[in-house]
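Following: one structure in structure tokens, then a few remarks.
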């Protein structure tokens, strides 16, 4: 999380998390650290660091990605 946080601060992206730093959140797989930022286009991005599952043997630094979208009006969005 430290390299990501350093990059966010270097770019002067808005950190939305009230503490201005990652927060610890208990989860069934152990504690995760989460940070909410707003990108230059105004989109909210959540950065999450969690314990590596035992089944993951990769040497890389990314082992899970997810995307969530929030819309104001379903019908308008479907027409778009």
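The values are calculated or read from the model by the stated rules, or taken from the named source; none is laboratory data. These numbers come from a predicted model, not from an experiment. In this analysis, Cβ positions are derived from the backbone assuming ideal geometry, glycine residues included, and neighbour counts consider all displayed protein chains.
With respect to the conditions (1) outside any strand (DSSP E or B); (2) in contact with a helix residue (DSSP H, G or I) (Cβ under 8 Å, 6 or more places away or on another chain); (3) modelled with pLDDT of 85 or more, residue 71 lacks only one, and its number is (3).
Checked against the criteria, residue 42 does not count as within 14 Å of residue 1 (Cβ to Cβ), without any contact (Cβ under 8 Å) to a residue 40 or more places away in the chain and either in contact with a helix residue (DSSP H, G or I) (Cβ under 7 Å, 6 or more places away or on another chain) or not in a helix (DSSP H, G or I) (or both).
Of all residue pairs spaced 6 or more apart or on separate chains, those with beta-carbon atoms under 9 Å, a first member in the stretch 13-27 that is closer than 18 Å to residue 41 by Cα and a second member that is at pLDDT 90 or above and in a loop (DSSP other than H, G, I, E, B) are 15/21. Cβ-Cβ contacts under 7 Å between residues 6 or more apart (or on different chains), taken from a first residue in the stretch 64-80 that is under 18 Å from residue 42 (Cβ atoms) to a second residue that is in a loop (DSSP other than H, G, I, E, B), are listed as 77/71.
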